[in-house]
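Each remark here refers to the structure printed beneath this line.
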Amino acid sequence: MRALAVALLVMAAIPDAADAQQLQCSGAQKPWVVADLFFARNHVSEAGFARFLAAEVTPRFPGGFTVIDAKGQWRTPGSDRISKERTKLLMIAMPAGTDNDARLDQIVAAYKTRYKQQSVGLIIRPACVSF
């Protein structure tokens, strides 16, 4: 299977609670963090992705998340070849916490193993959140 090689926009660490608290949130908003995960899907069916969400994401983030259909594009490292692939964007808003890294890493590892992917794109950013 082709891997989603997101050479752009990858961050390794989730801001800790002190970083999130530095945001100037207003009204009912609270300083949280948002994780955006990019999953390549050319060889993953809708049903297969739904099973992955149920087995790997929901147990780790039962408070909820959002999934968006997207189209990914990247240049294969060392070549001029542009690759394009159907993608799922998974957005998870969560309070800053010490276990976030581990839960996200487990999701990434599970997807890479299950669907033989080289990478899963991950962006972590502080955000002001209200629900």
Note to self: Need pairs with beta-carbon distance below 7 Å; first residue over 22 Å from residue 86 (Cβ atoms) and within segment 30-47, second among the hydrophobic types (A, V, I, L, M, F, W, C) and part of a loop (DSSP other than H, G, I, E, B); sequence gap 6+ or separate chains.
What the structure shows: 31/23; 31/25; 32/96; 33/14; 33/96
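Looking at segment 69-80, is at least one residue open to solvent by 30 Å² or more (accessible area, probe 1.4 Å), closer than 20 Å to residue 127 by Cα and assigned to a strand (DSSP E or B)?
Taking every residue of segment 69-80 in turn, none turns out to be open to solvent by 30 Å² or more (accessible area, probe 1.4 Å), closer than 20 Å to residue 127 by Cα and assigned to a strand (DSSP E or B).
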Checklist line | Filtered residue count, segment 35-55, keeping only those that are open to solvent by 10 Å² or more (accessible area, probe 1.4 Å) and either outside any helix (DSSP H, G or I) or closer than 13 Å to residue 129 by Cβ (or both) | finding: 5
Check: Taking segment 64-80, which residues are touching a Lys or Arg at 6+ places or on another chain (Cβ under 9 Å) and either β-branched (Val, Ile, Thr) or modelled with pLDDT of 95 or more (or both)?
Finding: 67, 68, 69, 70, 71
Notebook entry, point to check: Are any of the residues in segment 54-63 at pLDDT below 95 and in contact with a strand residue (DSSP E or B) (Cβ under 6 Å, 6 or more places away or on another chain)?
Noted result: no
Next item on the list: Can you give me the number of residues within segment 50-95 that are farther than 22 Å from residue 30 by Cβ, without any contact (Cβ under 8 Å) to a residue 40 or more places away in the chain and aromatic (Phe, Trp, Tyr)?
Entry: 0
Notebook entry, point to check: Among the residues of segment 89-114 satisfying the criterion of being touching a helix residue (DSSP H, G or I) at 6+ places or on another chain (Cβ under 9 Å) and outside any helix (DSSP H, G or I), which is surrounded by the fewest Cβ atoms within 10 Å (Cβ to Cβ)?
Noted result: 98
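The values are calculated or read from the model by the stated rules, or taken from the named source; none is laboratory data. Just so we're clear, the structure is a prediction, and the values are computed from it rather than from any experiment. In this analysis, Cβ positions are derived from the backbone assuming ideal geometry, glycine residues included, and neighbour counts consider all displayed protein chains. Quick note on the areas: whole protein, heavy atoms, side chains included, nothing else; ligands and nucleic acids left out. Shrake-Rupley method; radii C 1.70, N 1.55, O 1.52, S 1.80 Å.
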